[in-house]
Amino acid sequence: MAKITVMFGSETLNERTLDKAELKVARAVDCDVVVDNLGVSRHHCTIVKDGEGWAVTDAGSNNGTYVNGQKITKHVLKDGDKVVLGKHALVFDAHGSATGKIQKKAAGMGGEMTMFVDQQALAKAMAAEVGGKRMALVLIQGGREVPVQLIKDETTIGTAGDIPARGFLVKAVQAKVVRFNQTHRLVSMGGWRKVKVNGQAIAGDGALKPGDVISIAGATFTYKPA
């Protein structure tokens, strides 16, 4: 018997015995292992029986599947391997079985849209951003606050942006949050849909201050420490 343990950082969220030949791992609720994380696709990867052992295969996910730091298409699992999906990890135990006692949920995750994650930027992100703190845009998904850390030099917002914002006439990239020295500036990309900060439309760009509320169509994001 073998099992996987679902981890969020150092916290154990769940366990699952590998009790069938194929188990789907993703954000969709009908999967065998549900990972409630904006960086995880609705159909992310699959754990399959492979001879006498097990293998993990990526299902064409947006952000990729990583094993021990390496992006994979298919990987034969060894005891102790760590499969990383977004900010969650699955630890493979070749000889274990789930106890059925652990059922936790990580706070601040979830939602209907996949959040695109730059894995290299995430790995290299530095803690100091504004006032010695890493900053984020915080949005509401499913009644919960979801912080999206600003780990890139340029983070896009829109229907096809790093941070999704949907609505009538919203562009693929409606706005950008650009790192400038130890601050961030919000840049409007124009078009019919207005980009607002604290209720006031911006025509070009402006510096962001902690607590500023950005609104695009029906989506709102608060700029504050992560």
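Here are a few things to note about the model shown:
- Close contacts from the range 17-44, counting a first residue that is farther than 26 Å from LEU137 by Cβ and assigned to a strand (DSSP E or B) and a second that is small (Gly, Ala, Ser) and open to solvent by less than 70 Å² (accessible area, probe 1.4 Å), with Cβ to Cβ under 7 Å and a gap of 6+ residues or different chains, come to THR17/SER97; THR17/ALA98.
- Inside the range 48-97, residues that are of a type in the set (Gly, Ala, Ser), within 26 Å of the chain's Cα centre (by Cα), in a loop (DSSP other than H, G, I, E, B) and more than 18 Å from SER10 (Cα to Cα) make up a count of 4.
- Condition broken by THR73, with the remaining ones in (1) open to solvent by less than 80 Å² (accessible area, probe 1.4 Å); (2) modelled with pLDDT of 90 or more satisfied: (1)
- Count of residues meeting criterion [at pLDDT 90 or above, hydrophobic (A, V, I, L, M, F, W, C) and open to solvent by less than 20 Å² (accessible area, probe 1.4 Å)] in the range 39-58: 4
- Evaluation of HIS184 against (1) over 21 Å from ILE151 (Cβ atoms); (2) in a strand (DSSP E or B) (one fails), failing number: (1)
- Candidates LYS104, LYS82 - the one that is modelled with pLDDT of 85 or more and open to solvent by 60 Å² or more (accessible area, probe 1.4 Å): LYS82
- The residues of the range 171-181 that are part of a loop (DSSP other than H, G, I, E, B) and touching a Phe, Trp or Tyr at 6+ places or on another chain (Cβ under 9 Å) amount to a single one, LYS171.
- Summed over the range 203-221, the residues that are open to solvent by less than 40 Å² (accessible area, probe 1.4 Å) and assigned to a strand (DSSP E or B) give a count of 6.
- Within the range 20-55, the set of residues being in contact with a strand residue (DSSP E or B) (Cβ under 8 Å, 6 or more places away or on another chain), farther than 20 Å from VAL146 by Cβ and basic (Lys, Arg) comprises LYS24, LYS49.
- Complete set of residues in the range 177-195 that are over 16 Å from THR220 (Cα atoms) and among the small types (Gly, Ala, Ser): GLY190, GLY191
- Residues (in a loop (DSSP other than H, G, I, E, B) and under 16 Å from ARG166 (Cβ atoms)) located in the range 193-202: ARG193, LYS194
- Matching residues, the range 85-98, being more than 26 Å from ASP162 (Cβ to Cβ), buried (at least 16 other Cβ atoms within 10 Å of the Cβ) and modelled with pLDDT under 90: GLY96, ALA98
- Candidate set: the range 3-26, residues that are in contact with a His (Cβ under 7 Å, 6 or more places away or on another chain) and over 14 Å from ASP58 (Cβ atoms); chosen: the one surrounded by the most Cβ atoms within 10 Å (Cβ to Cβ): VAL6
- Among the residues of the range 59-70, those identified as in contact with a strand residue (DSSP E or B) (Cβ under 7 Å, 6 or more places away or on another chain) and either modelled with pLDDT of 90 or more or not hydroxyl-bearing (Ser, Thr, Tyr) (or both) are ALA59, GLY64, THR65, TYR66, VAL67, ASN68.
- GLY158 vs. criteria small (Gly, Ala, Ser), at pLDDT below 90 and open to solvent by less than 70 Å² (accessible area, probe 1.4 Å): no
- Of all residues in the range 175-191 being more than 20 Å from the chain's Cα centre (by Cα) and modelled with pLDDT of 90 or more, the one that is surrounded by the fewest Cβ atoms within 10 Å (Cβ to Cβ): ARG185
The values are calculated or read from the model by the stated rules, or taken from the named source; none is laboratory data. This one's a predicted model, so the numbers in the text were calculated from it and none came from an experiment. Using ideal geometry, Cβ is built from the backbone for each residue, glycine included, and neighbour counts are taken over all protein chains shown. When the accessible area is computed, the model is the full protein with side chains, heavy atoms only, and any ligands, DNA or RNA have been set aside. Shrake-Rupley method; radii C 1.70, N 1.55, O 1.52, S 1.80 Å.
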